[in-house]
Amino acid sequence: MKQFEIIEISSGVPIDEPFLATDKEQALEVMLEQRGFRVKEIPVDNDDTVTFICPECKGTRMECCEDGPYCSEITTLDEEGDFDYGPIHASGMVESYQCLNCGYVLANEDSSSIDDGMEVVEWCKENCEQD
Ligand SMILES: [Zn+2]
């Protein structure tokens, strides 16, 4: 345990008795708690994400398939085409994007499969109802 005190910056005077905590982070939590507050992490409200809704099964999870046996779930579709992937992340060439639930493959108008992030974004904007 370490000992902490909270100092008012302008006066340099401690505002309370010193108290024990394991580290500075916990000390801040203790300090807040003593005053009836707590820190709660909330998800970032990111308006730049794109929603995928499968036309076949209405599933909202998409995965990215690469050449070879690799597929990664896409956890966040950023409008810039900068996606977040699930735990399995291969580094091969992207072959297709498909519905994680039913395997529906996203295709261009000429029915070739979409293999580019920005095309996925465009496809979702055209084919899925966005918030
Ligand atoms: Zn589906």
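The values are calculated or read from the model by the stated rules, or taken from the named source; none is laboratory data. Owing to the predicted nature of the structure, the values given are computational and were not obtained by experimental measurement. Because the Cβ atoms are built from the backbone with ideal geometry, glycine has one as well, and the counts that use them run over all protein chains shown.
Data for the structure
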| item | result |
| --- | --- |
| Residue count, segment 95-117 (criterion: within 11 Å of the ligand (Cβ to nearest atom), part of a strand (DSSP E or B) and surrounded by 17 or more Cβ atoms within 10 Å (Cβ to Cβ)) | 2 |
| Complete set of residues in segment 50-69 that are away from the ligand (no atom under 16 Å from the Cβ), surrounded by 16 or more Cβ atoms within 10 Å (Cβ to Cβ) and free of Cβ contacts under 8 Å to residues at least 40 places away in the same chain | 66 |
| Count of segment 21-41 residues which are under 16 Å from residue 5 (Cβ atoms) and either in a helix (DSSP H, G or I) or touching a helix residue (DSSP H, G or I) at 6+ places or on another chain (Cβ under 7 Å) (or both) | 12 |
| Check on residue 68, at pLDDT below 85, on the phi > 0 side of the Ramachandran plot and within 21 Å of the chain's Cα centre (by Cα) | no |
| Residues of segment 42-86 classified as in a loop (DSSP other than H, G, I, E, B) and over 30 Å from residue 15 (Cβ atoms), total | 29 |
